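Student: My structure is below; once you've seen it, I'll send some questions.
The values are calculated or read from the model by the stated rules, or taken from the named source; none is laboratory data. Note that the structure is predicted; figures quoted are calculated from it, not measured. All Cβ positions, glycine included, derive from the backbone under ideal geometry; neighbour counts span all protein chains shown.
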Amino acid sequence: MKHTAFARVTLFLTCLLSTGGLARGALYGDYTGNGSDGAGGVVGRGTLHLQEQGGTIAGTLTPGTSYFNDCVVLYIDSRAGGFTDNTGFTDTLDAQRRAVSGCLNRDNRSTARFATGFTADFALVLSTQYGCGLYELHNGGDESLTLLRTLSMSQVGAAYQFGINWEEIGVTGDAAHYLAFESTYITATGYRSLESYETIAGQRGFGGTVTWSNFNTFGLAPVPEPTNLALAVFGVLGLTGGVVSGIGGLRRAAVQRKTCTAAVGQPSPTDSVA
């Protein structure tokens, strides 16, 4: 009888997950700044909330200070391939492109190196002063970054709301609704601070190099093939000792998974942006 019950649970979960039953549930994530306030604490002492609404990723950015006049850039990894740093980005045509590139001109660059396992495909720029836009990343000079869409951002109290579509970042059809991101607070001239929703270390500003040691994730990672999934379910159930805790373990692991490598240091709360 016990083996029959386990077999039924395994079959149920296999069918549910392989058809996206759990994957299409309500997805949300909350992210806090790394504590740095050298650029005022907009990101370093602020928060970011993401939630799926149909085919849209709805975001709420709450700055840690009311003085929000530079650019929040979210680098997004949502497909295979991508960039491990920004050294090939020299698009300086306008404020948003300079923020994405981290570059004012050939002699003034804020080098960024992404965490191990993270390769950026897109960049989302959010700014009250310079507007908002979603870009596909490419190496090259002016107009090499592809503007996919100009976004609107509305203020609600102390927070700012925005949204992008999954298909705009290459997640279409039955693909798992999942992405990774890294964040930076940077001026319209490309001068980078050490404020982030992740762990970041290095030298701020032009001539400096910053390195992320982790990245955030949102959504549910792709599920295993049915055969492997059945084995995984038995493992989870065996470790947690029950059906309910087994399902909860899968859910928590999928929604709140965060990939980290060894931290290389913490930013100083006194770091400032000139």
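Student: Go over the candidates Asp121, Asp142 one by one and state the one that is over 23 Å from Phe206 (Cα atoms) and at pLDDT 95 or above. Even if it seems obvious, please write down each step before you answer.
Tutor: Details: Asp142 fails: over 23 Å from Phe206 (Cα atoms).
So the residue among Asp121, Asp142 that is over 23 Å from Phe206 (Cα atoms) and at pLDDT 95 or above is Asp121.
Student: Considering only region 19-63, how many residues are among the aromatic types (Phe, Trp, Tyr) and at pLDDT 95 or above?
Tutor: Quick first cut of region 19-63, residues among the aromatic types (Phe, Trp, Tyr) only: 28, 31.
Imposing the further condition that a residue be at pLDDT 95 or above reduces the set to 31.
Result for region 19-63: 1.
Student: Now, a different point. Looking at Ser152, Ser144, can you tell me which residue is out of contact with any His (no Cβ under 8 Å at 6 or more places or on another chain), of a type in the set (S, T, N, Q) and in the same structural domain as Gly54 (by TED's automatic domain parsing)?
Tutor: Details: Ser144 fails: out of contact with any His (no Cβ under 8 Å at 6 or more places or on another chain).
Criteria check complete, one pass: Ser152.
Student: Out of curiosity, is Gly40 surrounded by fewer than 22 Cβ atoms within 10 Å (Cβ to Cβ), out of contact with any Cys (no Cβ under 7 Å at 6 or more places or on another chain), of a type outside the set (A, V, I, L, M, F, W, C) and not in a strand (DSSP E or B)?
Tutor: On the way: surrounded by fewer than 22 Cβ atoms within 10 Å (Cβ to Cβ): no; out of contact with any Cys (no Cβ under 7 Å at 6 or more places or on another chain): yes; of a type outside the set (A, V, I, L, M, F, W, C): yes; not in a strand (DSSP E or B): yes.
Criteria not met by Gly40.
Student: Quick check on Tyr130: is it more than 21 Å from His49 (Cβ to Cβ) and of a type in the set (Phe, Trp, Tyr)? Don't jump to the end; show me each part of the working.
Tutor: On the way: more than 21 Å from His49 (Cβ to Cβ): yes; of a type in the set (Phe, Trp, Tyr): yes.
Judged against the criteria, Tyr130 is a match.
Student: Looking at this structure, is Ala188 within 18 Å of the chain's Cα centre (by Cα), assigned by TED's automatic domain parsing to the domain that holds Phe215 and surrounded by fewer than 20 Cβ atoms within 10 Å (Cβ to Cβ)? Reasoning before the result, please.
Tutor: Numbers: within 18 Å of the chain's Cα centre (by Cα): no; assigned by TED's automatic domain parsing to the domain that holds Phe215: yes; surrounded by fewer than 20 Cβ atoms within 10 Å (Cβ to Cβ): yes.
No: the conditions fail for Ala188.
Student: On to the next question. Of the conditions (1) in contact with a Lys or Arg (Cβ under 9 Å, 6 or more places away or on another chain); (2) over 18 Å from Phe218 (Cβ atoms); (3) in a loop (DSSP other than H, G, I, E, B), Val171 fails just one. Which one is it?
Tutor: (2)
Student: So Ser66 ticks every box in (1) at pLDDT 95 or above; (2) surrounded by fewer than 24 Cβ atoms within 10 Å (Cβ to Cβ) but one. Which box is left unticked?
Tutor: Going through (1) at pLDDT 95 or above; (2) surrounded by fewer than 24 Cβ atoms within 10 Å (Cβ to Cβ) one by one, Ser66 breaks only (1).
Student: Got a sec? Which of Leu134, Leu124, Leu93 is assigned by TED's automatic domain parsing to the domain that holds Thr184, without any contact (Cβ under 8 Å) to a residue 60 or more places away in the chain, at negative phi and part of a loop (DSSP other than H, G, I, E, B)?
Tutor: On the way: Leu134 fails: part of a loop (DSSP other than H, G, I, E, B); Leu124 fails: part of a loop (DSSP other than H, G, I, E, B).
From the options Leu134, Leu124, Leu93, the qualifying one is Leu93.
Student: Of all residues in region 142-164, which are farther than 23 Å from Gly54 by Cβ, among the small types (Gly, Ala, Ser) and surrounded by 15 or more Cβ atoms within 10 Å (Cβ to Cβ)?
Tutor: Ser144
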